[in-house]
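The values are calculated or read from the model by the stated rules, or taken from the named source; none is laboratory data. If you're wondering where the values come from, they're calculated on a predicted model, not measured in any experiment. Here the Cβ positions follow ideal geometry from the backbone for every residue, glycine too, while neighbour counts run over all protein chains shown.
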Amino acid sequence: MNKSFDFTGWSFKLSLFAALMAALAVLSHQLEGIDFQPALMGLAGGTVMGLLAIVFGLIGTVRAIKARKPSIASTMAGSTLGFLVVMPILVTVFAGIGAPLIHDITTDLQHPPEFVAIKALRTATDNSLNRLEPENQVALQATGYPDLGPLLIDRPFDQVFERAVALVKKRGWEIAVISAANGRIEATDTTPIMGFKDDVVIRVQTVGNQTRVDMRSASRVGKGDLGVNAERIRRFMIDLAKL
């Protein structure tokens, strides 16, 4: 009689491969050993293997239960590890479902804040800061993020600008320039896992008796950003409004 397929054993093997592939993709990109596209392919491969590990592990567990084996917990090792590998990736992807395929977001669609110091830090292979690409970028953002707009605060310019600088520092963003004279702050936020760099410029202006704050956040790589830049702007503006 042929030996039945070892779902439990293969589940654990696949989960180990998945964890190794995902870890190598992350570390290789952070150490600048590979570009972001191969790194994403590595994460995708790790996710597929992790999902297979979960399926195989569940099948192995069900078989063990039906056979009334005493060591049921051992059959869950592969599916558990596979779950730990794929969950962070899937959560990020699902959170960005429906986000427009753009990577440069601003609170001022007509006159977005301009990057000045940041331009010297970007390379030729990074995304262009030309907001004319794609041609329908304004329409895509207006449809995808209708809630984004300038923030008006009933406080003097100095207080608002100082608060904005403090929030940038609190978030650990790498500051490129702070210019109170020009009402401009430029910085770079590096994502914790993959090490992707997103550039930010904050513009602070006096408008009548109020202070207006506009913000722009742009990813250096990738056509889309899964909504990350818009969410960064939202959270910053919410905190700044608490002044």
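Looking at (1) touching a residue at least 40 places away in the same chain (Cβ under 8 Å); (2) within 29 Å of L43 (Cβ to Cβ); (3) more than 20 Å from the chain's Cα centre (by Cα), which is the only condition T106 fails?
Of the numbered conditions (1) touching a residue at least 40 places away in the same chain (Cβ under 8 Å); (2) within 29 Å of L43 (Cβ to Cβ); (3) more than 20 Å from the chain's Cα centre (by Cα), the odd one out for T106 is (3).
Restricting to the stretch 65-93, give me the number of residues that are more than 30 Å from D225 (Cβ to Cβ), in contact with a helix residue (DSSP H, G or I) (Cβ under 8 Å, 6 or more places away or on another chain), part of a helix (DSSP H, G or I) and among the aliphatic types (A, V, I, L, M).
Qualifying residue count for the region: 2.
Considering V62, V55, V48, V26, which residue is in a helix (DSSP H, G or I), closer than 30 Å to E133 by Cα and not assigned by TED's automatic domain parsing to the domain that holds T191? Please lay out each step first, then the result.
On the way: V62 fails: closer than 30 Å to E133 by Cα; V55 fails: closer than 30 Å to E133 by Cα; V48 fails: closer than 30 Å to E133 by Cα.
Selected residue: V26, the only one of V62, V55, V48, V26 that is in a helix (DSSP H, G or I), closer than 30 Å to E133 by Cα and not assigned by TED's automatic domain parsing to the domain that holds T191.
Where in the stretch 140-230 are there strands (runs of 3 or more DSSP E), lying wholly inside it, with at least 2 residues that are surrounded by 16 or more Cβ atoms within 10 Å (Cβ to Cβ) and without any contact (Cβ under 8 Å) to a residue 12 or more places away in the chain?
Details: elements: 151-153, 174-179, 184-190, 197-207, 210-219.
Per the criteria, no element qualifies.
Return the residues of the stretch 36-51 that are in contact (Cβ under 8 Å) with a residue 40 or more places away in the chain and surrounded by fewer than 20 Cβ atoms within 10 Å (Cβ to Cβ); say none if nothing qualifies.
From the stretch 36-51, those in contact (Cβ under 8 Å) with a residue 40 or more places away in the chain are 36, 39, 43, 46-47; that's our starting set.
The answer is F36, and nothing else.
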